[in-house]
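The values are calculated or read from the model by the stated rules, or taken from the named source; none is laboratory data. None of these values were measured; they are calculated from a predicted model. All Cβ positions, even for glycine, are placed from backbone atoms using ideal geometry, and neighbour counts span all protein chains on display. These area figures cover heavy atoms from the full protein model, side chains too; ligands, DNA and RNA do not enter into them. Shrake-Rupley method; radii C 1.70, N 1.55, O 1.52, S 1.80 Å.
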Amino acid sequence: MAKAPIKISYKKLENALEIEWEDEVYSLPIELLRVRSPSADAGGRHGRKRKPQSGKKDVRIKDINHTGNYGIRLNFDDGHDTGIFVWEYLHDLAKNQEKYWQEYLKELEEKNESRLPKLEVKHWNPKQP
């Protein structure tokens, strides 16, 4: 089981979570944390097929909360707040982030989805007199 990090910092300008263990420091993109959230509504990390996550490029963190001595809960600005990142899972994401990032990009390509948020386009037609 992975030990608790000694420091966690949200780097707003880089939109990344910097996590420091005794002998390692990682910078995890918030987008990756959001799309790999271990929550039940995203499919989780418990062996079930994850639901595809698209449009998360600009997601930010609103709040970080400790969950006992075993992890943190990240509250994202898109309303998602149900994932608990236990230390072991967070460490795995950090160490293997390139692999997970490539899986995410491949998944988006296969589903013909984008990292960019979907924008609703409305048409306006002025009334003719």
How much length, in nm to one decimal, is gained on full extension between residue 105 and residue 7, taken as 0.36 nm per residue of separation minus their Cα-Cα distance?
32.4 nm
Asserting the computed 222 nm helical MRE of the chain (DSSP H runs at least 4 long, -39500 (n - 2.57) per run, divided by residue count, to nearest 500) equals -6500 deg cm²/dmol
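Using a probe radius of 1.4 Å on heavy atoms only, what accessible surface per residue do you get for the chain? Whole Å² is fine.
Numbers: 8620 Å² over 129 residues.
Accessible area per residue: 67 Å².
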For the range 17-23, take each phi angle, set θ = phi - 60°, evaluate the Karplus expression 6.51 cos²θ - 1.76 cosθ + 1.60, and give the result in whole Hz per residue in order, putting x for glycine and proline.
9, 8, 10, 10, 9, 3, 10
Principal axes first, then extents: for the Cα atoms of the chain, list largest minus smallest coordinate on each axis, whole Å, largest first.
72, 29, 23
Treating the angle as unsigned and between 0 and 90°, give the value, to the nearest 10°, between the Cα long axis of helix 97-110 and the longest Cα principal axis of the chain.
30
Ignoring ligands, DNA and RNA, please state the percent of accessible area on the chain from carbon and sulfur, probe 1.4 Å.
48
With a cut-off of 14 Å, note down the residues of the range 19-33 whose backbone N falls inside the zone around a label point 7 Å from the Cα of residue 57 toward its beta carbon.
31-32
